[in-house]
Amino acid sequence: MKIFSGIRPSGQIHLGNYLGAIKQWIDLQKENECVFSIVDLHAITTPYDPKELKKDILNTAIIYLAAGVDPDKSIIFVQSRVQEHSELAWLFETITPMGELNRMTQFKEKSKENKDYINSGLLNYPVLMTADILLYKADAVPVGKDQEQHLELTRTIAKKFNQKFGDTFKEPKSLILKEGAKIMSLTDPKRKMSKSDDKKSYISLFDSPEEITKKIMSATTDSGKEVKYNITKKPGISNLLTIYSLLSNQTTQEIEKMFVKKSYSEFKKSLAEVVVNYLEPFRRKQKEFSAREIYVEEILNQGKSKALVIAQETIQEVRSKMGLS
Ligand code: TYM
């Protein structure tokens, strides 16, 4: 399969991004043609600082590498360095009904969060995302649950294009995990874990052991005492159980058994250990890659060259089918 996915380089990459998306990438790259982008053009649709963005782009590349994305197997590149993304987005905008964009949940949420920053880029964001995916003619897109609606639109646009201009694109499926597709905030387990929330609400992949322990120990739990998975009655404990299960490769039932007659605090202490140990190699590799910026830039340059070859071919085909050249 051809696989495409990406993450916005905006702030810290957290455990939700890892468990919902990156962890899938690492498995998929073993047997598929994978393209993973640092989608900086998406990051500028919400308020940002240009100086920070530059750093975040490099840091996101380091995260991909530290988490195990292998540049010999997968293409890793920065979206804005392959201009075909913007061009294809524009071409797709001309066949995307406004109504489809207006009803996008993420647009509504982000507009509410940033009332002074409701720009047309934010509205058109899913069209750019469609261009990202279809430029590489991807069969499948590994993402968290929050991106499903955007993927539906991607399929709609692919279908529309094919109907209007002839068979060109596959309708890519979304790869959304059963567990981990929606990791919740540590401080408000009814909301998803998000980079734009308070630092206490998420675990960044590079948090220190002390920070991780502190955040988990103070995570919001529920009334009652039992460590039991029950998403409606115990959303806090259930979220922590999901994280525990995914990082320790045990089922939630097995973990529940380990904590029968034990307190929330004992459970959290054990979870903190699991998370600290799991993320230890990430912190180590992050330090290594941060000291080798030139090497990381080289990987991004090579990724760009490889991505360009595919992107240019698709753009030529689209231009020609649309009567532009
Ligand atoms: P972004 O940067 O918000 O998130 C990156 C990936 O992490 C997933 N994710 C989560 N998964 C589980 N639990 C959570 N709490 C959680 N929060 C985020 C997201 O679903 C995503 O897979 N629009 C995309 C970026 C993008 C993209 C693309 C993705 C642009 N073009 C093309 C795939 C293909 C976004 O904002 O992701």
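The values are calculated or read from the model by the stated rules, or taken from the named source; none is laboratory data. Computed from a predicted structure; not experimentally measured. Cβ coordinates were reconstructed from backbone atoms using ideal geometry, including for glycine residues, and neighbour counts include every protein chain displayed.
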Condition (residue is of a type in the set (A, V, I, L, M), touching a residue at least 24 places away in the same chain (Cβ under 8 Å) and within 13 Å of the ligand (Cβ to nearest atom)) applied to the range 207-222: is it met by at least one residue?
no
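Here is a yes/no grid of residues against (1) more than 22 Å from the chain's Cα centre (by Cα); (2) closer than 21 Å to Ala272 by Cα; (3) in the same structural domain as Asn124 (by TED's automatic domain parsing):
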{"position": "Gly166", "(1), (2), (3)": "yes, no, yes"}
{"position": "Leu175", "(1), (2), (3)": "no, no, yes"}
{"position": "Ser196", "(1), (2), (3)": "no, no, no"}
{"position": "Ser201", "(1), (2), (3)": "no, yes, no"}
{"position": "Glu211", "(1), (2), (3)": "yes, yes, no"}
{"position": "Ser218", "(1), (2), (3)": "yes, yes, no"}
{"position": "Glu226", "(1), (2), (3)": "yes, yes, no"}
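Just one of Ser305, Ser320, Ser325 is outside any helix (DSSP H, G or I), within 30 Å of Lys137 (Cβ to Cβ) and without any contact (Cβ under 8 Å) to a residue 40 or more places away in the chain; which is it? Give the derivation first.
Numbers: Ser305 fails: outside any helix (DSSP H, G or I); Ser320 fails: outside any helix (DSSP H, G or I).
From the options Ser305, Ser320, Ser325, the qualifying one is Ser325.
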Return yes when Lys170 is within 21 Å of Arg8 (Cα to Cα) and not aliphatic (A, V, I, L, M) and no when it is not.
no
Take Lys200 and decide whether it is in a helix (DSSP H, G or I), under 30 Å from Thr46 (Cα atoms), basic (Lys, Arg) and within 16 Å of the ligand (Cβ to nearest atom).
yes
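Does Val260 satisfy the criteria of being aliphatic (A, V, I, L, M) and either not in a helix (DSSP H, G or I) or not assigned by TED's automatic domain parsing to the domain that holds Lys228 (or both)?
Yes, satisfied.
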Residues satisfying the stated conditions in the range 21-40, i.e. farther than 19 Å from Val296 by Cβ and either surrounded by 24 or more Cβ atoms within 10 Å (Cβ to Cβ) or not assigned by TED's automatic domain parsing to the domain that holds Tyr136 (or both)
Ala21
For the range 171-209: of the residues being surrounded by fewer than 18 Cβ atoms within 10 Å (Cβ to Cβ) and among the polar types (S, T, N, Q), which is farthest from Gln286 (Cα to Cα)?
Ser196
If Pro126 satisfies all but one of (1) in contact (Cβ under 8 Å) with a residue 40 or more places away in the chain; (2) near the ligand (Cβ under 10 Å from one of its atoms), what's the number of the condition it fails?
(1)
Can you tell me which residues in the range 1-31 are in contact (Cβ under 8 Å) with a residue 40 or more places away in the chain, more than 8 Å from the ligand (Cβ to nearest atom) and over 13 Å from Lys195 (Cα atoms)?
Met1, Lys2, Ile3, Lys23, Gln24, Trp25, Ile26, Leu28, Gln29, Lys30
Considering the range 129-163 alone, what residues qualify as being over 14 Å from Phe92 (Cβ atoms) and within 9 Å of the ligand (Cβ to nearest atom)?
Ala138, Val141, Pro142, Val143, Gly144, Lys145, Asp146, Gln147, Glu148, Leu151
